[in-house]
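What follows is one structure encoded as structure tokens, with my remarks underneath.
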Amino acid sequence: MARYTGAVCKLCRREGQKLHLKGERCFTGKCALERRSYAPGQHGQGRKKPTEYSMQLRAKQLARRYYGLAESQFHKYFLMAERKGGVTGETLLRICESRLDNVVYLLGWGASRAESRQLVNHGHFTVNGKKVDIPSYLLTPGDVVSIKVKSRESEKIKQVLESSAAHPTPQWLDLDREALEGKVLDLPTREQIAAPVEEHLIVEFYSK
């Protein structure tokens, strides 16, 4: 499946929730969801009663769009979560959270997950001292993510760091703002994952 290249604000309106796809704009009055809190399209303001299947589909689409994943990649993570055992839905979210682009975003080094993905693609980060430019790289407890020394002089990186000064860091990550390093202390518990997702509906969707 090709990556979505349309207006991302439509995705938030379709899901009825802020997915924070445009960084700082999502926290201002310019947010499309605040201005038009109904789904896009001519039938967006209809009042259809959701079916069981539609609720499951919407939960899956919400999670996929929240993390910016293609359907094939998201389904791959679901199969991976099933093999790992435990609570499949929670394991699925932990896998998504441990992606390098997501961790870069949570550390405040990107205004959005899309921007963080782009910065990773451009090779601005290292993991345990080695350059990694694969956004889907899955981190494990003990891994250390750093901004490359050369990249610290980049105007783009400087802008990102200035705007993220007050960015809160999740408990499962440890951020050293002086050294520009972030360490994965452990994989997050469900309570530490901010994704507004009902993961049991995703499991039901893929289990049909």
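Observations
- Subset of region 133-153 [in a loop (DSSP other than H, G, I, E, B), in contact with a Phe, Trp or Tyr (Cβ under 7 Å, 6 or more places away or on another chain) and either within 14 Å of Leu185 (Cα to Cα) or of a type in the set (Val, Ile, Thr) (or both)]: none
- Residue identified as of a type outside the set (Asp, Glu) and surrounded by fewer than 17 Cβ atoms within 10 Å (Cβ to Cβ) among Pro196, Pro188, Pro135: Pro196
- Of all residues in region 85-94, those satisfying the criterion of being more than 17 Å from Ser136 (Cβ to Cβ) and either modelled with pLDDT of 95 or more or in a helix (DSSP H, G or I) (or both) are Val87, Thr88, Gly89, Glu90.
- Restricting region 166-204 to residues that are assigned to a helix (DSSP H, G or I) and touching a residue at least 12 places away in the same chain (Cβ under 8 Å), the residue that is nearest to Trp109 (Cα to Cα): Gln192
- Answer residue from region 26-70, given it is aromatic (Phe, Trp, Tyr) and modelled with pLDDT of 60 or more and is farthest from Ser98 (Cα to Cα) among those: Tyr53
- Listed by first and then second residue, the pairs with beta-carbon distance under 9 Å, at least 6 apart or on different chains, first residue in region 106-130 and in contact (Cβ under 8 Å) with a residue 24 or more places away in the chain and at positive phi, second surrounded by fewer than 18 Cβ atoms within 10 Å (Cβ to Cβ) and of a type in the set (A, V, I, L, M, F, W, C), are Gly108/Leu161; Gly108/Ala165; Gly108/Ala166; Gly123/Val132.
- For region 80-132, a tally of residues being more than 20 Å from Asp186 (Cβ to Cβ), crowded, with 22+ Cβ neighbours inside 10 Å and among the aliphatic types (A, V, I, L, M) returns 2.
The values are calculated or read from the model by the stated rules, or taken from the named source; none is laboratory data. If you're wondering where the values come from, they're calculated on a predicted model, not measured in any experiment. Cβ coordinates were reconstructed from backbone atoms using ideal geometry, including for glycine residues, and neighbour counts include every protein chain displayed.
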